[in-house]
Each structure stands twice: as C-alpha cells, then as structure tokens.
Amino acid sequence: MTTPGWLVTAGFAACLTLGFSDCRHTSPPTKGTPEQRDFQSERRHMVNSQIRARGIQNTEVLEAMAKVPRHEFIPAGMRDYAYSDTPLPIGEGQTISQPYIVALMTELAAPRRGQRILEVGTGSGYQAAVLAELTGEVYTIEIVAPLAERAGETLERLGYKNVTVRTGDGYRGWPEKAPFHSILVTAAAGQIPQPLLDQMAEGGKLIMPVGEIGDVQSLTVVTRKSGKFVREEVLPVRFVPLTGEAQKPR
C-alpha cells in the first residue's frame, strides 16, 4: 500500500506502516552529534525545501518555523530526523506533526500580535511554540499528563512565557479564557466539538481535521461570521484521534 500523493500524514502510523523511505517529502536523516550539527541551517533548509516550496507564503509563519528549534521537542533518539518533513513519535502513542502541517495550520489560523489562541492537543509543545512566536497568548490543553508536563517544561526552558499548558480533556475547551481568535485542534474527530465553536471570537477561525478515525480526514477551517459558522475543507489528512469525551457516542 502507498500513501496517495495528495495525503498529508500528520500522524506517525502511516510512516510506520510504509517505512520512512516511502513517506512523502521525507528527507534523509542528518547525522552527527548535537555539537557537530548546525540546527539553524537545517531549519532554513526545512523552510525552503519543505514549507515555502509547498505553497506556504506567510512571511511571519516562515520566520517562526525557521526560529523554533523542533529538535528540542522530540526524543533525543529521533533527532537525526528533526528537520525532515515527517511526523515523529514523542511517546505515549502520540506524535509531533510534520513541519509542513504545522506551518499550514498556523497560516490558516492567521495569528496576529495581541490575540489569544487555544490549542487542543499540546503533544510535544512544538505547535504551541510556533504560535507563541506570532501572537499574544497561547492556551494549550493535553489529555496525556506526562506529555503535558514534558511540553510545559520544554516551553519554559526555551523561554516561551506566553504559553500556558493545562492537563485535561480539551473537548470543552478553556471557557474561562474565551473567546479565542483562533482554535487549533491537532487530533481528529468525526465532528467538531460544540463547546469549541461556542468559544470562537467573532471573525475567529477554528482549524481541525474532521473525519472518521482510520480513514482519511479533511483538514477543515471554520470561520465565525456574524454569529454563523462557515466551513471550508482544505485538504485530505490523517491525524491521530482526539481522545476523551470526543469518543463518546452521540
């Protein structure tokens, strides 16, 4: 089985099935000890060859992707692949999304200075760090406690003081901090949780993969206009599932 050319795999399962050599846009690993590696040059190459070349145009997003040290958010044993355009395992059955999908979701959210953003699914903390480079406040929720703790420690160590990490189920969002100018959900569900829609600011955007788990999902953008929700499907993707309350029958 091969991955269709139009499919963006945000989760690691497809890469495990196919092997790294068959994952679309995956670069060979970069060898060398951390002391020998020029991570800044690797990030610039990542931005030019994987992100800008695939259509991301927002200059501020490109600059943020070139600045945030992705290698700091993944296990040491996977750092040879830190700037390859592939998802990577981060433990607890979860992944860090490929750089392109992080850049795409960020560009779709269109964050600006002084805004407040909610992320559901902190994972490694990498997406939150990219958002933190572009906006005022980032609130991020992770249901897996060890991941939330690790992400919080990494973000604090790297100096991201405008990110607040909470351990919990993100299905109901963070109502005491609402409304949010943007909401990013980094895991898939069959439908968008209503509490998240309720917490969108007027003119705000929600970005989330929507579709059945195990199938191809659609990266969906919802914009709140005059109290109504306008949906746009962007491209096919495959994400890990949103767990917790989102998995209860409805």
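Coordinate-derived values only; no laboratory data. Since this is a predicted model, take the numbers as computed values, not measurements. All Cβ positions, glycine included, derive from the backbone under ideal geometry; neighbour counts span all protein chains shown.
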When each of K177/K225; K225/K248; K177/K228; K67/K177; K228/K248 is checked by Cα-Cα distance, pairs over 23 Å: K225/K248; K67/K177; K228/K248
Length added when fully stretched, D215-L158, from 0.36 nm per residue minus Cα-Cα: 16.9 nm
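Counting only DSSP beta bridges with both residues in the chain, what percent are antiparallel, rounded to the nearest 5? Don't skip to the answer; put the middle values down first.
Working: 18 of 40 bridges.
Roughly 45 percent of the DSSP beta bridges within the chain come out antiparallel.
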Selection of GluC sites (Glu not before Pro), region 80-168, meeting DSSP coil and at most 14 other Cβ within 10 Å: E92
Whole-Å distance, taken between Cα centres, linking region 179-250 and region 37-97: 24
